[in-house]
Amino acid sequence: MTAFSFNTTTTLAKWCLILMLSVPVIAGTFGAVFPAMGYFPAIGETQFGLHVFATLFDTPALWQMVGLSLFTGLLSTLLAVAGALVLLAGFYHLRWLQTIQRLLSPLLVLPHAAAAMALLFVLSPSGMILRLVTSLSSNESIVPTSWWFPYDSEGISVMIALALKELPFIMLMALSVLSQPQTEKKVAGYYRIGAALGYSNIAVFFQLILPVLYPQIRLPILAVLVFATSSVEISMLLGPNSPNTLAVSVLYWFNHIDLSMRMLGSAAALLQVVVSGVAVGIFIAVERVIAVFGSHQRLSGKRHSADLWVKSVAYSIVSAYCLLIVAIIYSVVMWSVAQYWAFPNLVPDGFTFLHWQTATASLTLPLVNTLQLALAVGITSVAMVLLTLESLSNTRSSRSVIDNVLPYTLFLPLFVPGVAFLYGLVWLQQMFIGDAIWVNTFIAHLVYVLPYVYISLAVSYKKFDMRYVHVALGLGKTPAQVFFKVKLPLMFPPIAVAFALALAISFSQYLPTILPSGGALPTLTTEAVASVSGSSQRLSAVYVILLAGLPLIGFALAWYLPRVVFTPHRKKTNIRDKRHTHGA
Amino acid sequence: MALKLDNVTIFKADRWLLSVNTTVNNGDILSIMGPSGSGKSTLLNAISGHLSPPFIMTGHVEVNGCSMTTMPAHQRGVGVMFQDALLFDHMTVGQNIMFAMPQTMKAKEKEKAVIDMLSAVGLDGLEKRAPNELSGGQQSRVSLLRTLAAQPNVVLLDEPFSQLDSHLREQIRTWTFEQLKHRQIPSVLVTHDMDDAIAAGGEIMELSSC
């Protein structure tokens with residue numbers, strides 16, 4: 001490959017990436033505008049007007065749906081952010097932090113659907129916690145007669161589940177920012193200076209570190225908020241029945257047998273964009289208030305920030321997660337091999353592998369679909385992102401406008417609610433690509449996977465020692481040779497992690513699978529969600545284990561492979577040893 | 001092969017940073033000294049083709065009368081060495097050196113050349129080792145062998161000895177300069193240490209901080 005064509009390839013990849021991120025989202029959103037405005041030729045509706053919106057606003061309980069979306073989304077995000085910050089404040093300067101990081105990381109890659117299902121096993125009226133309480137107490141009256149989890153009409157269950165799921169994400173995002181060499185040095189310096197001025201570690205965190213950290217995690221937090229106000233899986237599995245959150249209703253209208261309901265769904269999808277936007281507005285207002293309050297605090301000269309309180313909350317959060325994780329693993333594993341498990345027994349009445357057999361028999365197709373999609377999405381996304389980053393790292397040419405646009409397009413799929421653009425996208429895909437279910441689903445997955453792969457690899461690219469590149473170019477190697485023979489092998493560990501991340505995100509996609517495929521491409525996640533409404537709790541347990549295990553296998557490989565591949569020693573010595581034996 | 005820096009002037013955005021006008025003859029080593037921020041490494045980047053904004057260069061970098069000013073880095077034949085050996089960890093010691101050899105050489109020739117090069121500097125039989133199994137001094141020597149294997153027109157040394165212990169330092173330094181002089185390669189050395197510059201035995205240039 002000549003230098004010219006390699007240069008062209010990377011530039012091309014950059015354009016593909018930008019188009020891949022922006023076209024489906026923008027076109028998809030417009031695809032929802034037409035049916036919402038009354039134009040839906042498939043059922044003979046060609047009259048533009050606002051009548052669909054009129055119907056939408058006449059829908060009983062619409063504002064209750066909107067309220068639920070706002071309440072669950074906003075409160076869960078606020079709780080998750082507060083919780084993550086309290087954990088960081090309480091533990092950042094302690095060795096404990098690594099243990100907590102390891103504890104929370106698997107939760108990050110647990111699909112939302114699996115997380116909701118796992119909580120059902122632990123928190124529902126017949127769940128592990130109430131079994132424990134009932135069996136341990138001799139006093140019958142301690143057992144509550146009415147229980148809030150799941151399906152409570154206030155949406156508390158959904159809110160708690162979202163908060164539990166988002167906290168690890170925000171926490172690990174913050175840790176990755178804090179681990180960047182420059183920030184790490186600065187933070188260490190602030191702790192020393194703060195301590196010298198008599199501030200406690202926790203006060204230093206809130207008054208000095210947080211102002212450095214927060215601007216860098218703000219965008220991901222807002223993306224979490226948009227997701228939380230519009231997510232489907234958790235509200236569908238744990239939310240109240242009528243009405244549920246707006247996003248679940250959108251999905252319901254879209255999937256209604258009566259095609260005219262799709263117009264209502266499209267209008268509601270656009271309303272969802274507004275609702276998520278309002279949530280972001282409220283969140284920013286809350287930020288402002290806290291910022292004003294925070295600057296007063298800083299000037300007050302207080303050397304402690306309710307240290308005892310922060311510490312006890314931090315320890316409570318960690319204990320709660322430990323308790324939950326142990327309870328989830330225990331109950332899910334037990335349920336998956338249980339014959340019958342009467343309440344409030346702590347151990348099933350008998351054991352059987354029947355559910356695993358039933359599951360494995362019906363699992364082949366979903367598993368194959370899941371793996372095919374994930375591998376295709378993983379390879380495509382990692383290749384696209386690497387070439388794009390290579391194009392951007394070409395410092396000889398100055399940055400063009402498009403390079404400055406790129407960071408914003410990355411967040412586009414994360415800031416436009418999925419329910420809003422995915423249906424429009426499906427509508428357009430059917431018009432232009434036809435019924436190519438697999439390709440359509442692949443594109444939808446790619447849209448969600450690319451931003452995370454990009455963020456993860458961009459950090460490693462920034463950390464890469466450019467002197468290796470200078471040395472290799474000085475040896476007369478072309479930029480293409482340097483990329484393939486030096487950069488990629490040396491960056492293999494982070495590339496493997498990014499690939500595992502891509503697989504995990506693809507595994508977990510529910511809406512971007514069920515919508516473009518019209519349900520005709522069963523994956524582990526869609527089957528798992530379907531299994532909840534089915535009768536067998538035992539089968540659901542098997543699904544939760546598989547959904548939790550599959551991403552972990554990916555990350556285990558990402559950890560193991562760099563020890564074997566691109567390390568010069570093992571293979572070479574083996575060959576030499578063999579030669580010696582042959583010679584002898 | 002002589003390196004000519006013909007009225008090379010470097011600006012940081014609009015601000016003047018440094019001007020150099022000199023010729024380094026074959027086998028000579030030009031030593032550049034000066035406080036940090038005076039643009040020592042930037043000058044090396046300008047010669048190797050890695051100057052990036054906000055730095056701008058005027059004038060010409062010539063090798064044997066040919067201007068390299070607009071050439072991309074990989075076509076210049078300018079080998080660079082840093083204070084770290086920067087051996088590629090995913091290759092063996094031998095592969096590191098073979099990677100640098102010209103593509104016109106056959107695999108067998110390369111293998112033989114590697115064995116000869118290593119034994120000439122007392123590193124016999126290390127070709128199958130992983131770089132990180134070598135001591136610091138051994139890594140520095142392999143790093144220079146790798147640079148030389150590419151048959152460079154010019155070699156740039158960016159404080160290459162500052163990571164080494166003092167007793168190793170003199171030994172590696174003497175050996176490095178011998179190798180460069182023996183092969184008649186014009187070189188530029190950036191250093192903080194006057195001893196390095198004196199040992200190099202060539203012109204010593206002091207950059208001022210601006």
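The values are calculated or read from the model by the stated rules, or taken from the named source; none is laboratory data. What you see is a predicted model; the values in this text were computed from it and never measured. Here the Cβ positions follow ideal geometry from the backbone for every residue, glycine too, while neighbour counts run over all protein chains shown.
Yes/no per residue for (1) at pLDDT 90 or above; (2) surrounded by fewer than 15 Cβ atoms within 10 Å (Cβ to Cβ):
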residue	(1), (2)
A:Gly31	no, no
A:Gly44	no, yes
A:Phe48	no, yes
A:Pro60	no, yes
A:Met65	yes, no
A:Val86	yes, no
A:Tyr92	no, no
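Please go through the stretch B:62-81 and pick out each residue that is within 20 Å of B:Arg183 (Cβ to Cβ) and either hydrophobic (A, V, I, L, M, F, W, C) or within 11 Å of chain A (Cβ to nearest Cβ) (or both). Listed by number, the residues that qualify are B:Val63, B:Cys66, B:Met68, B:Arg76, B:Gly77, B:Val78, B:Gly79, B:Val80, B:Met81. Between A:Leu363, A:Leu389, which is crowded, with 20+ Cβ neighbours inside 10 Å and touching a helix residue (DSSP H, G or I) at 6+ places or on another chain (Cβ under 9 Å)? Only one candidate qualifies: A:Leu389.
Restricting the stretch A:434-488 to residues that are closer than 26 Å to A:Ala504 by Cα and within 14 Å of another protein chain (Cβ to nearest Cβ), the residue that is farthest from the chain's Cα centre (by Cα) is A:Phe484. Note on the stretch A:551-569: residues that are within 12 Å of another protein chain (Cβ to nearest Cβ) and either closer than 19 Å to A:Ile379 by Cβ or touching a residue at least 60 places away in the same chain (Cβ under 8 Å) (or both) amount to 3. Looking only at the stretch B:115-143, residues that are more than 14 Å from chain A (Cβ to nearest Cβ) and either among the hydroxyl-bearing types (Ser, Thr, Tyr) or within 24 Å of B:Gly77 (Cβ to Cβ) (or both) come to 8 in all.
Within the stretch B:117-131, the set of residues being loosely packed, with under 13 Cβ neighbours inside 10 Å and modelled with pLDDT of 90 or more is empty. Within the stretch B:31-51, restricting attention to residues that are within 14 Å of another protein chain (Cβ to nearest Cβ) and assigned to a loop (DSSP other than H, G, I, E, B), which residue is surrounded by the fewest Cβ atoms within 10 Å (Cβ to Cβ)? If we take residues in the stretch B:31-51 being within 14 Å of another protein chain (Cβ to nearest Cβ) and assigned to a loop (DSSP other than H, G, I, E, B), then B:Leu51 is surrounded by the fewest Cβ atoms within 10 Å (Cβ to Cβ). Of all residues in the stretch B:157-198, those satisfying the criterion of being small (Gly, Ala, Ser), within 16 Å of the chain's Cα centre (by Cα) and within 26 Å of B:Leu118 (Cβ to Cβ) are B:Ser162, B:Ser187. Among the criteria (1) touching a residue at least 60 places away in the same chain (Cβ under 8 Å); (2) farther than 25 Å from B:Asn25 by Cα; (3) buried (at least 18 other Cβ atoms within 10 Å of the Cβ), the one B:Val142 does not fulfil is (1). Considering only the stretch B:117-133, I want to know if a residue exists there that is assigned to a strand (DSSP E or B), of a type in the set (Val, Ile, Thr) and touching a helix residue (DSSP H, G or I) at 6+ places or on another chain (Cβ under 9 Å). No, the stretch B:117-133 contains no residue that is assigned to a strand (DSSP E or B), of a type in the set (Val, Ile, Thr) and touching a helix residue (DSSP H, G or I) at 6+ places or on another chain (Cβ under 9 Å). When only residues in the stretch B:2-30 that are small (Gly, Ala, Ser) and touching a strand residue (DSSP E or B) at 6+ places or on another chain (Cβ under 8 Å) count, which is surrounded by the most Cβ atoms within 10 Å (Cβ to Cβ)? So, considering only residues that are small (Gly, Ala, Ser) and touching a strand residue (DSSP E or B) at 6+ places or on another chain (Cβ under 8 Å), the one surrounded by the most Cβ atoms within 10 Å (Cβ to Cβ) is B:Ala2. Of the residues making up the stretch A:211-235, those that are within 17 Å of the chain's Cα centre (by Cα) and farther than 19 Å from A:Leu78 by Cβ are A:Val232, A:Glu233. For the stretch B:82-114, filtering for residues that are within 10 Å of another protein chain (Cβ to nearest Cβ), among the charged types (D, E, K, R) and free of Cβ contacts under 8 Å to residues at least 24 places away in the same chain leaves 0.
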